[in-house]
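See below for the structure under consideration.
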Amino acid sequence: MKKISVLVPCYNEEENVVPLSEAIIEQFEKHLPNYDYELIFIDNCSLDSTREKLIGLCENNKKIKAIFNVRNFGQFNSPFYGMLQTSGDCTISMSADFQDPVELIPRLVHEWENGYKIVCPIKTSSKENPIMRLLRTCYYKLIKKMSDVEQIEHFTGTGLYDKSFIDVLRDLDDPTPFLRGIVAELGFKRKDIPYEQQKRRAGKTSNNFYRLYDAAMLSFTSYIKVGMRICTIAGFFISMISFVIAFAYLIVKLLNWHSFAMGNAPILIGVFVLGGLQLFFIGLLGEYIMSINTRIMKRPLVIEEKRINFDTPSPSDEN
């Protein structure tokens, strides 16, 4: 009997983890009775009663497992680490807030049985804020045009991943993994299926401007070379223009053409424009340097506080 792992990353989802577990188990009982399953929750140091709810779920069903992180390790590291802890023939990752419909699970498994190593649900429509969807669409199209690696539009990381792909992820040794880019980059046989993203069932999203910006910069610095090349090319042309203007201004001064005297305003404007461009490019360079620095430090993806219903102990318990 094939085994399917379902991974659910969560943070402050006390109102969702119990009904979500019930809904997922119902999908297996009704539509996938010939498959074994494990349901793994990885909690990113929730501040509400999520952990107490998960402990209760694990006590009542040994197929439900939980990993508790010692602190919040971010929106990318925790789900990625959780995927590496699965033991099924394939792994399905989905959000804890019901925005990814549990009805997707049988569809994902069906495409997997058809031979696809990766099955990606693509948001063709969404019940989220229209302005946010517009911004996401613009971002995806921009990244897609600038990246050397294919970028999958409106793919959140939710999807099904064959065990062979999970094994590849285990060997990557990347302390700042960006799963959406890795899926497109590694080129496994993939199937995209459309779906409508639902509204959050309960609770409040932890995404804010900083988290969205962090996600955008991680994808930008991981898969886009053109950013630094734009800086180099723009710097060259601005330097040339500045040189020409400075030379022309010198000639005017030497010839003492008073009729062309324009005061200090053009110089001040030029200083502010060039200063703004310099700050922008230095900031962009800094984003690349921070990304490199994080990867060089080789910090662990996640440090566990405890795990429940696993056959193997937590790595922290072994030390």
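The values are calculated or read from the model by the stated rules, or taken from the named source; none is laboratory data. Owing to the predicted nature of the structure, the values given are computational and were not obtained by experimental measurement. Glycine gets a Cβ as well: all are built from the backbone with ideal geometry, and neighbour counts include every protein chain shown.
Structural remarks
- Checking each residue in the stretch 2-55 for being touching a Leu at 6+ places or on another chain (Cβ under 7 Å) and charged (D, E, K, R) picks out only Asp43.
- Count - residues of the stretch 153-198 that are in contact with a Gly (Cβ under 8 Å, 6 or more places away or on another chain), assigned to a loop (DSSP other than H, G, I, E, B) and of a type in the set (A, V, I, L, M, F, W, C): 0
- Of all residues making up the stretch 294-319, the number that are at pLDDT below 65 and loosely packed, with under 15 Cβ neighbours inside 10 Å: 5
- Scanning the stretch 112-139 for residues that are surrounded by fewer than 19 Cβ atoms within 10 Å (Cβ to Cβ) and in contact with a strand residue (DSSP E or B) (Cβ under 8 Å, 6 or more places away or on another chain), we see that the one that is modelled with the highest pLDDT is Asn114.
- Matching residues in the stretch 164-176 - criterion: being surrounded by 17 or more Cβ atoms within 10 Å (Cβ to Cβ) and under 28 Å from Glu103 (Cα atoms): Phe165, Ile166, Leu169
- So Leu47, is it at negative phi, touching a residue at least 24 places away in the same chain (Cβ under 8 Å), of a type in the set (A, V, I, L, M) and surrounded by 16 or more Cβ atoms within 10 Å (Cβ to Cβ): no
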